[in-house]
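Data first, discussion second: the structure below is written as structure tokens.
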Amino acid sequence: MAKAAILIEEDPNFSTNMSPEAWGAVIDAHDTFTRQVAELGGSIEGGAALAPTTTATKITTGGALTDGPFVETKEAFGGFYVVEARDLDHAIEIGKLCPAPGGGVEVRPVVDPTTNPF
């Protein structure tokens, strides 16, 4: 089995004026997604939705702090799942089901710290 991160990238304004009904539909879509992952033989190891980029604080290598957002972007990192899958192809199959109506997702393998992947 392999772990992969499914990174949800969406237009930062996508949920700004979302009605409670529309937000409920997004939550329902994610509930459906979690059931589909199990049906495909995978499992969700963790994940979370993230607060808007306006709440972010960037810490540079030198320790300087900058309140967000930092640059004008078309998409922002809005949440993530960590899934256990048979292999990368299986993780991509799972990622294709992940709801991201305001953008898309990126599937990326999680590094096993006991091996050097580079």
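The values are calculated or read from the model by the stated rules, or taken from the named source; none is laboratory data. Computed from a predicted structure; not experimentally measured. Note: ideal-geometry Cβ built from the backbone for every residue, glycine included; neighbour counts use all protein chains shown. These accessible areas exclude ligands, DNA and RNA; they are computed on the full protein's heavy atoms, side chains included. Shrake-Rupley method; radii C 1.70, N 1.55, O 1.52, S 1.80 Å.
The table that follows gives values for the structure above.
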quantity: Condition met for ASP11 (within 27 Å of PRO109 (Cβ to Cβ), within 18 Å of the chain's Cα centre (by Cα) and without any contact (Cβ under 8 Å) to a residue 12 or more places away in the chain); calculated: no
quantity: Residue within segment 9-25 that is farther than 29 Å from ILE92 by Cα and open to solvent by less than 60 Å² (accessible area, probe 1.4 Å) present; calculated: yes
quantity: Checklist (1) outside any helix (DSSP H, G or I); (2) closer than 25 Å to LEU97 by Cβ applied to ASN17, failing item; calculated: (2)
quantity: Residues located in segment 42-59, provided they are exposed (fewer than 13 other Cβ atoms within 10 Å of the Cβ) and of a type outside the set (S, T, N, Q); calculated: GLY46, ALA48, ALA49, ALA51, LYS58, ILE59
